[in-house]
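Below is one structure, written out as structure tokens; comments come after it.
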Amino acid sequence: MTIVGSLEEGMGKEPTLLLTKSLMDGISSVALAAVMGIGVIFSVIPLLLYQGGLTLLAALFGDIIPEIIINEITGIGGVLIIALGISILEIKKIKVLNMLPAILIEILLCYIFL
């Protein structure tokens, strides 16, 4: 959600995915702070750097990237979110992090075949 949401917001689209993710992060941080203490608040620093950096890069290079690649990245992100939901619900164990390179492979394939 971070990658796709940051890309969409950086390219001037609606930030609904990023807002949904931030709401989920806020709720989970309250639960984690109750268990682990006040140090959970410091996790916002790397999140800000990572998510903000992706948004800034998308804003800088958003005009260079063709619309078809943006649509493909959004599609792959949706599939990854569905796989994450299946894994969280313990329907089937899916290693979603192993699928993240699909975003880079998709960009490469689009430039080769388009």
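Checked against the criterion of being in contact (Cβ under 8 Å) with a residue 60 or more places away in the chain and hydroxyl-bearing (S, T, Y), the candidates T16, T74 yield just one match: T74. Looking at the stretch 28-84, which of its residues are surrounded by 14 or more Cβ atoms within 10 Å (Cβ to Cβ) and not in a helix (DSSP H, G or I)? Residues satisfying the conditions are G62, I65. Taking (1) on the phi > 0 side of the Ramachandran plot; (2) in contact with a Leu (Cβ under 8 Å, 6 or more places away or on another chain) in turn, G12 satisfies each apart from (2).
Considering every residue within the stretch 2-18, establish whether at least one is at pLDDT 90 or above, surrounded by 13 or more Cβ atoms within 10 Å (Cβ to Cβ) and not in a loop (DSSP other than H, G, I, E, B). No, the stretch 2-18 has no match at all.
Just one of I88, I81 is touching a residue at least 60 places away in the same chain (Cβ under 8 Å), outside the structural domain of T16 (by TED's automatic domain parsing), closer than 21 Å to L19 by Cβ and aliphatic (A, V, I, L, M); which is it? Before you say what the answer is, go through the steps one by one.
Numbers: I88 fails: touching a residue at least 60 places away in the same chain (Cβ under 8 Å).
Selected residue: I81, the only one of I88, I81 that is touching a residue at least 60 places away in the same chain (Cβ under 8 Å), outside the structural domain of T16 (by TED's automatic domain parsing), closer than 21 Å to L19 by Cβ and aliphatic (A, V, I, L, M).
The values are calculated or read from the model by the stated rules, or taken from the named source; none is laboratory data. Worth saying up front: this structure is predicted, and the values here are computed from it rather than measured. As a convention, Cβ positions derive from the backbone with ideal geometry for all residues, glycine included, and neighbour counts pool all protein chains shown.
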